[in-house]
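**Student:** Can you keep this structure in mind? I'll have questions shortly.
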Amino acid sequence: MHPLENYLKSLHDIHLSGQAVAETSYYGPLAELLNDLGKTLDPKVSCVINLQNRGAGIPDGGLFTSDQLKAQKRKKIAKGDDGPLPSRGVLEIKGVGSDVIETAEGEQVAKYLKRYGQVLVTNYRDFVLVNRHAEGDVHLGERYTLSINERSFWHAAGHSQLTATAHGVRFTEYLKRIMLHRAQIDDPKDLAWFLASYARDALARIEADADQPGLGNIRAALEQALGITFTGEKGEHFFRSTLVQTLFYGLFSAWVLWSRQNQHGDRQAKFHWREAAWTLHVPAIKVLFEQLATPTRLGQLDLVEVLQWSEEALNRVDRAAFFSTFEQARAVQYFYEPFLEAFDPELRKELGVWYTPHEVVQYMVSRVDAVLREELGIADGLADSRVVVLDPCCGTGAYLVEVLRMIGETLKGKGGDALLANDLKTAATQRVFGFEILPAPFVVSHLQLNLLLQQAGAPLDTEGDERVGVFLTNALTGWEPATGAKQHFIWDELEAERDAAEQVKREKKILVILGNPPYNGFAGIAVAEERNLVEAYRSTKLAPRPQGQGLNDLYVRFFRMADRKIVDGSGQGVVCFISNYSWLDGLSFTGMRERYLEVFDKIWIDSLNGDKYKTGKLTPDGDPDPSIFSTEQNREGIQVGTAVALMVRCEEHSQPAEIRFRHVWGAGKRAQLSDNASGRGENGLTALHPTAALGFPYLPTVAPASYMGWPKLTDLFPVSFPGVKTSRDDWPPSNSTSSSKTILTTCSEGFSSCQTC
């Protein structure tokens, strides 16, 4: 039972007894509710009813943290020692018929406020937090109302399940925030939790009033600009979640950039969410934020107070402590991942959104740099001004940050300190590009790159139109000139974003394409324009024809886009992706593997394994073999195995490609990649010689030469059937045991009387 449902049911039962005292009879359910929610916090928070008088009267309750209670338990209380004050404030409780604001502004609460610093005032149906501003004046903070009057409240309590369904998420989030309100915010993960909590509240408000015309306009603009449609229930949820994430990442990004302009120790400086748009200098981000943050839109969606609460949380942050932890090249690790996990973990899984571990990113970028030097004869690797780099699914910018970091190291090693900052800015704005289709990570990628340039002493010119080369676009479309009249968008800013991205797609000679393409298509993606991408992989010359549906996987389209741009466009270059490893030997990918043997010169495969289905996430010796994406927050990682593929096309091309392969197993695979990134990239790689008859598998095979002399199973069994399928029968199986027995008896009698059975 939901904690709110239990709370309301208990209150209602006491009320029905007819013997309740207006205020005190209901203390128990409220304390139980607070304790149930307090158990989920770190540290845990406990509610103690009826505290002793500490000079300001007798509070109805107090909120203590577990470390306070443990410390008190360890020491023997001396005579006259009254114990600690409740660190999360006290409660002032009145009867259901009272006015909570009148109570909050009364003399008794003022006394409590002076003594305890924070008071939660409630009449069981209405809650308001009372505290003090830094200047000392009384401040009525976050408020949550379950019912507007006593009569409607008892009606709602009598329908506790329905009320819990309507209010459960927002109300419990509210109470958790209250119990954490006085906790110091100095860790990025703690701030991420607070903002994710406010974001969930905002999402609930939007979903409660999802038919607003303004939302339809934003939806149409995004669908038009990105070539996607938000269809069905999942598509609707994805669209709203995208809006809320964009709003809060934009708010957070504006606060971070504002903090860079204000001394961390300056407690007088205050961030204001209404001015956030002035700090967001990328037009596509600014227009999305402004569309959501205009007074008219916010009034309609009831988001004003949520953003005000968020502003207060940001202004409570100990910025000096926060930014000492918030490594500016790791914004994702310290904020984005915890936020997304707290905000909507299920959506994260559905989207296939996984933060690529730093060791993987570092390894891939290092290997690309080495291949540029060793195979293409580019002595400075990624630092060469001719090398144009693209991450077509850049997410939050991890690969772009690492590419720029490596460029900086190379330039510094050549003694280019004086020009390093300017060269880095030039690279970030003119030849290191990222494409991203999801607005929320797009915001974070700009934040990460902006911070990197600031740290390097090369901040973007905020007065001009300087921006890093990350664009909000569908990476799988727009590479060829459009036929017919140019399509104009609803918002000029998104049209300009489209034009800038297409200039990169059509005019830049890209030499490196790398990244972590998505493993799942997200709700509503428009595949019509992309479907022809993989046609080149559907036919073969020597290998068996592809079977199954594997070529429909989204990551394959990114491989084909990169293959086409490097081979047919630039004529030389490097492709490096980490992806689902099913293409290495799957029956669907025979044409894909055959083409790569023809069009690339060298291919290196690092099979990272970690597969649930083939190996049960076990090494050949039976030891644990986790996904490379397993983290402390998500130990399971992803279910499918993964592999890093590195392919190079030389200007003087020869075929077939040389293939080198290695398995990377076990819990220490990240450390192995780090070792290989440090100059031992070829360790453990062995040559592969895939055969056409087996479909050119990019995995070692142990079959003897005589294996191919045996007939194929498909020759022995030329006709196959999927077996009995009941999913589309006219009569569905019954939930009733007796009905099922009747159906089975009738069927069996029919079979026994059939002359041909």
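The values are calculated or read from the model by the stated rules, or taken from the named source; none is laboratory data. Bear in mind that the values here come from a model prediction, so they are computed numbers and not experimental data. Neighbour counts run over all protein chains shown; Cβ positions are idealised from the backbone, glycine included. These accessible areas exclude ligands, DNA and RNA; they are computed on the full protein's heavy atoms, side chains included. Shrake-Rupley method; radii C 1.70, N 1.55, O 1.52, S 1.80 Å.
**Student:** Which of rounded, prolate or oblate describes the range 150-272 when judged by the alpha-carbon gyration tensor and an a/c cut-off of 1.5?
**Tutor:** oblate
**Student:** Keeping every protein chain in place, order V575, V304 by accessible area at 1.4 Å, biggest value first, i.e. largest first.
**Tutor:** Ranking V575, V304 by accessible area, largest first, yields V304, V575.
**Student:** Which whole-number value in Å² is the accessible area per residue of the range 89-185, probe 1.4 Å?
**Tutor:** 43
**Student:** Long-range amide H contacts for V388: which residues qualify at under 5 Å (H placed 1.01 Å from N, peptide plane, sequence gap of 5 or more or a different chain)?
**Tutor:** L511, V512
**Student:** If you put +1 on each Lys and Arg Cβ and -1 on each Asp and Glu Cβ, how big is the dipole of the chain around its Cα centre, in Debye rounded to 20?
**Tutor:** 1320
**Student:** Taking θ = phi - 60°, what integer Hz values does the Karplus form 6.51 cos²θ - 1.76 cosθ + 1.60 yield along the range 541-554, in sequence order, with x for Gly and Pro?
**Tutor:** 9, 10, 7, x, 5, x, 10, x, 10, x, 5, 7, 4, 4
**Student:** Quickly work out the E107-to-L69 label distance, labels modelled 7 Å from Cα along the C-beta direction, and quote it in nm with one decimal.
**Tutor:** My value for the distance between the label points is 3.5 nm.
**Student:** Give me the extension gain from D621 to R267: residue separation times 0.36 nm, minus the current Cα-Cα distance, reported in nm with one decimal.
**Tutor:** Working it through step by step, the gained length comes to 121.6 nm.
**Student:** Hey, another quick one. What is the packing order of peptides 19-25, 381-387, 233-239, taking the mean over residues of other C-beta atoms within 10 Å and listing the highest first?
**Tutor:** Going from most to least packed, we get 381-387, 233-239, 19-25.
**Student:** Where in the range 251-291 is the amide nitrogen less than 15 Å from a point lying 7 Å along the Cα-to-Cβ axis of V304?
**Tutor:** Zone members listed by number: 273-275.
**Student:** Among all the aspartates and glutamates, which ones have a C-alpha under 17 Å from K9's C-alpha, if same-chain residues fewer than 8 places away are not counted?
**Tutor:** Partners within reach: E23, E32, D36, D126, E150.
**Student:** Classify the range 369-469 from the C-alpha gyration tensor, please: rounded if a/c falls under 1.5, else prolate or oblate depending on whether a/b exceeds b/c.
**Tutor:** Oblate, since a/c reaches 1.5 and b/c is not below a/b.
**Student:** Where does helix 188-208 land angle-wise versus the long Cα axis of the chain, in degrees 0 to 90, nearest 10?
**Tutor:** Long axis of 188-208 versus the principal axis of the chain: about 80 degrees.
**Student:** Next question. Listed highest first by mean packing, meaning other Cβ atoms within 10 Å per residue, what order do 101-114, 706-719, 555-568, 216-229 come in?
**Tutor:** 555-568, 216-229, 101-114, 706-719
**Student:** Then there's this: Given the protein chains as shown and a 1.4 Å probe, how many square angstrom of L140 are accessible, to the nearest 10?
**Tutor:** 60
**Student:** Evaluate the distance, in nm, between pseudo-label points positioned 7 Å from the Cα of Y613 and of L16 along their respective Cα→Cβ axes.
**Tutor:** The two pseudo-label positions are separated by 5.1 nm.
**Student:** Further, regarding this structure: Using the heavy atoms of the protein chains alone and a 1.4 angstrom probe, what is the accessible area of the range 235-325 per residue in square angstrom?
**Tutor:** It amounts to 39 Å² per residue over the range 235-325.
**Student:** So what is the accessible area of the range 640-692 per residue, in Å², with the probe set to 1.4 Å?
**Tutor:** Counting only protein heavy atoms, the per-residue value for the range 640-692 is 49 Å².
**Student:** Follow-up. Could you compute the net charge surrounding H264? Neighbours are other residues with a C-beta less than 14 Å from the C-beta of H264; K and R count +1, D and E count -1.
**Tutor:** Here the charged neighbours net out to +2.
**Student:** Can you give me the distance in nm between label points at D137 and F717, each placed 7 Å from the Cα along the Cα-to-Cβ direction?
**Tutor:** 8.1
**Student:** Multiply the residue gap between R538 and S152 by 0.36 nm, knock off their C-alpha separation, and tell me the result in nm, one decimal place.
**Tutor:** Computed gain between R538 and S152 is 132.5 nm.
**Student:** Also, I was wondering about something else. Quick one: with all protein chains in place, what share of the accessible area of the range 204-282 is carbon or sulfur, to the nearest percent (1.4 Å probe)?
**Tutor:** 46
**Student:** Same structure, new question: Relative to the longest principal Cα axis of the chain, at what angle does helix 160-180 sit, 0 to 90 degrees, rounded to 10?
**Tutor:** Once rounded, one gets 90 degrees.
**Student:** Near the amide H of V470, under 5 Å away, which other amide H atoms are found, from residues 5 or more places off or on another chain, if H is placed in the peptide plane?
**Tutor:** Residues meeting the amide H criterion: G434.
**Student:** On a 32 Å Cα-Cα criterion, which of the cross-link pairs K39/K286; K286/K505; K234/K286; K234/K270 come out too long?
**Tutor:** K39/K286; K234/K270
**Student:** Next up: Roughly how tilted is helix 398-413, in degrees to the nearest 10 and between 0 and 90, from the longest Cα axis of the chain?
**Tutor:** The helix 398-413 is inclined about 70 degrees to the chain.
**Student:** Ranked highest first by the average count of other Cβ atoms within 10 Å around their residues, in what order do 607-616, 309-318 fall?
**Tutor:** The packing order, highest mean first, is 309-318, 607-616.
**Student:** Do the sum for the chain: with -39,500 (n - 2.57) for every DSSP H run of n ≥ 4, divided by all residues, what is the mean residue ellipticity at 222 nm, to the nearest 500 deg cm²/dmol?
**Tutor:** -13500 deg cm²/dmol, from helical runs alone.
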